[in-house]
Amino acid sequence: MDQTETSHQDEFVRHQHKEEMKQQVVSFALMILFTFIAFGMVLLDIGSVFLGPILLLLAVVQVLFQLYYFMHMKNKGHDMVAVMMFGGLGVAILTIITFTSIVWW
């Protein structure tokens, strides 16, 4: 490899790291905003019918941000890990639905 090729690769890697850091900062700011929204909704005592589902939705969005950006699930090579995590989540949801329906009926 010559010097120009190496400098182009270094510049490309620096640009990738800069973009990834920018995405992480934006997602962190959004998670802080969602947290403030959740606290504000609880403090203002928004209608109880809507409070639970909206808080759960904000929590799910924050978990997805955590997985996608901070746990690097968007990167190559994490496919099997994602399949196992989401498979476990599916089994957990099915278990909760099953036991809830057994108790209620």
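We did not get these values from a lab; they are worked out from the coordinates using the rules stated. These numbers come from a predicted model, not from an experiment. Using ideal geometry, Cβ is built from the backbone for each residue, glycine included, and neighbour counts are taken over all protein chains shown.
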At 0.36 nm per residue, minus the direct Cα-Cα distance, what do V60 and H8 gain on full extension? Give it in nm, one decimal, please.
14.8 nm
Place the peptides 31-38, 50-57, 13-20 in order of packing, highest mean first, counting for every residue the other Cβ atoms within 10 Å and averaging per peptide.
31-38, 50-57, 13-20
Length released on extending from F50 to S101, taking residue separation times 0.36 nm less the Cα-Cα span:
16.1 nm
Column: log10 I(q)/I(0), Debye, Cα scatterers of the chain, q = 0.21 Å⁻¹:
-1.13
In a shell of Cβ-Cβ distance under 13 Å around F28, excluding F28 itself, what net charge do Lys and Arg (+1) and Asp and Glu (-1) give?
0
In deg cm²/dmol, rounded to 500, what helix-only [θ] at 222 nm does the chain give when every DSSP H run of at least 4 residues adds -39500 (n - 2.57) and the total is split over its residues?
-29000 deg cm²/dmol
